[in-house]
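Enquirer: Please see the structure below; I have some questions.
The values are calculated or read from the model by the stated rules, or taken from the named source; none is laboratory data. Just so it is clear, the model here is predicted, and its values are computed rather than measured. Neighbour counts are summed over all protein chains in view; Cβ atoms, including those assigned to glycine, are modelled from backbone coordinates with ideal geometry. We work out accessible area using only protein heavy atoms, side chains counted, and drop any ligands, DNA or RNA first. Shrake-Rupley method; radii C 1.70, N 1.55, O 1.52, S 1.80 Å.
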Amino acid sequence: MNIGINAAFWGQETTGTGQYLHQLVQALRRAEPEAALQLFAPASSAPDDSAALQLHATPVDRLGANAAKLWFEQRTFPQLALRLGCDVAHVPHFAPPMWRRLPLVVTIHDLIPLILPAYRGSWGVRAYTRLVARAARRADVVLTDSHASARDILRLLGLGGDQVRVAPLAAHARYRPLGEDEICPVLAHYGLARPYLLYLGGFDVRKNVPLLLHAFQQVAAASDLSLVVAGRLPAHDSAFAPDPRPIAARLGIAERVRFVGFAPEEIKPALYAGALAFAFPSSYEGFGLPVLEALSCGAPVVVGLGSSLDEVAGPGGLAVDPTDATELAGALLRLAREPALRQELAAAGLAHAAQFSWRQVAASTLEAYEQARHVRAR
């Protein structure tokens with residue numbers, strides 16, 4: 001099979017979409033070594049490690065990255081895939097072309113811009129979202145990461161049930177239980193002492209980091225736990241991305257909260273493995289890969305109910321109302337006070353995480369390609 005992939009996120013492994021693209025390509029190559037994978041990307045957004053890509057300029061590159069991106073998605077990519085003999089085209093993010101002559105698979109990780117008002121953006125962003133939503137309805141197959149996202153896609157895009165396939169993500173192989181000889185050097189580097197709770201992720205409003213800090217204020221008053229917060233902090237405080245540092249100061253917990261900043265991929269497993277528990281009270285996620293990463297390292301998790309997180313956490317975590325700081329604090333204190341519960345959740349979480357694999361993601365994706373080809377052939 002000759003597969004054309006829109007690889008615009010190649011080299012952007014600090015983003016979830018970039019991680020998905022890299023892991024998917026590697027998994028497809030292992031699963032189907034005879035398949036030809038052609039990776040196309042716009043020249044205007046070429047990453048440094050672009051040797052694996054076919055880079056293509058567009059007629060509107062001079063008008064800026066947004067115009068070039070749109071042209072590449074809607075015109076250049078589908079035309080190239082057709083001209084270069086691809087059997088199927090795959091857009092591994094929410095940017096399908098409206099018109100194409102090849103079987104089309106699109107991966108929609110989530111529908112956040114359609115669900116959360118804070119993420120709808122400017123009129124231009126809203127117009128773009130309407131365009132790609134309409135184009136997605138014309139896709140032969142839509143892949144998504146969770147059953148929760150599948151329900152959103154069926155409800156909001158009006159697709160038929162046979163158009164949508166769930167292919168859950170998997171953690172990278174680096175996420176596994178670690179020995180003390182692997183954990184301790186990382187904790188020493190950051191000056192971290194146990195026991196600590198961990199948050200690792202973004203700071204946009206749906207992540208609920210201010211709520212976590214309010215919950216931790218209650219936890220700190222009743223325990224000796226500290227809270228480690230990892231992730232690239234907001235450049236400035238805003239309603240969309242509140243800066244957690246002044247919030248911690250106002251709550252009087254600044255000395256118990258450690259902000260370690262951006263955590264490189266290679267050290268994240270030690271942060272997870274060293275934590276008493278991982279807290280991820282997000283109000284909406286299409287999948288929530290950090291939760292699966294934490295489980296894979298043996299950390300019990302506390303997650304927010306209402307989207308995919310309780311599905312991803314499974315028996316390895318506690319799920320709470322993501323609007324209730326007291327309920328979140330109660331769950332974290334339970335884990336602090338009940339070592340048997342921690343051990344039970346950690347063991348169940350490891351077994352649950354082992355059910356997710358990139359081999360399965362590749363198999364489901366190859367099945368989606370065959371389904372798309374069958375649909376177009378009818």
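Enquirer: Defining a contact as two alpha carbons under 8 Å apart and six or more residues distant in sequence, what relative contact order in percent does the chain show?
Expert: Reported relative contact order: 16 percent.
Enquirer: How much net charge surrounds G306 when only the other residues with a Cβ under 15 Å from the Cβ of G306 are counted, with Lys and Arg +1 and Asp and Glu -1?
Expert: Once positives and negatives cancel, what remains is -4.
Enquirer: Can you pull the percent of the chain's accessible area that's carbon plus sulfur, 1.4 Å probe, other chains left in place?
Expert: Of all accessible area on the chain, carbon and sulfur atoms account for 54 percent.
Enquirer: Could you grab the relative contact order for segment 83-177? Cα pairs under 8 Å, six or more apart, rounded to a whole percent.
Expert: Details: 127 pairs, mean separation 23.9, N = 95.
Relative contact order, segment 83-177: 25 percent.
Enquirer: Under a 1.4 Å probe, what is the accessible area of the chain per residue, stated in Å²? Let's see the in-between values first.
Expert: Details: 16090 Å² over 378 residues.
On a per-residue basis, 43 Å².
Enquirer: OK, next. Over the chain, what is the percentage of antiparallel beta bridges among all DSSP beta bridges, to the nearest 5?
Expert: Here the share of antiparallel DSSP bridges comes out near 0 percent.
Enquirer: Sticking with this structure for a sec: Working from Cα positions, state the angle (0 to 90°, nearest 10) between the long axis of helix 16-31 and the longest principal axis of the chain.
Expert: 60 degrees
Enquirer: Bin width 10 Å, alpha-carbon pairs only: give the P(r) of the chain as whole percents, running from 0 to the bin holding the largest distance.
Expert: All Cα pairs, binned at 10 Å, distribute as 5, 23, 31, 24, 13, 4, 0 percent.
Enquirer: Highest first, please rank the peptides 298-309, 62-73 by the mean number of other Cβ atoms sitting within 10 Å of their residues.
Expert: Packing order, densest peptide first, comes out as 298-309, 62-73.
Enquirer: Additional query: Quick check: net charge around A167, other residues with Cβ under 12 Å of its Cβ, Lys/Arg +1 and Asp/Glu -1?
Expert: 0
Enquirer: Work through the residues other than V260 whose Cβ is under 13 Å from its Cβ and net out their charges, Lys, Arg +1 and Asp, Glu -1.
Expert: Local net charge: +4.
Enquirer: Also: Which of the trypsin sites (Lys or Arg not before Pro) across segment 225-286 are loop residues per DSSP, with 14 or fewer other Cβ within 10 Å? Kindly include the intermediate steps, with their values, before the conclusion.
Expert: On the way: sites: R232, R250, R256, R258; in loops: R232.
Passing sites in segment 225-286 are R232.
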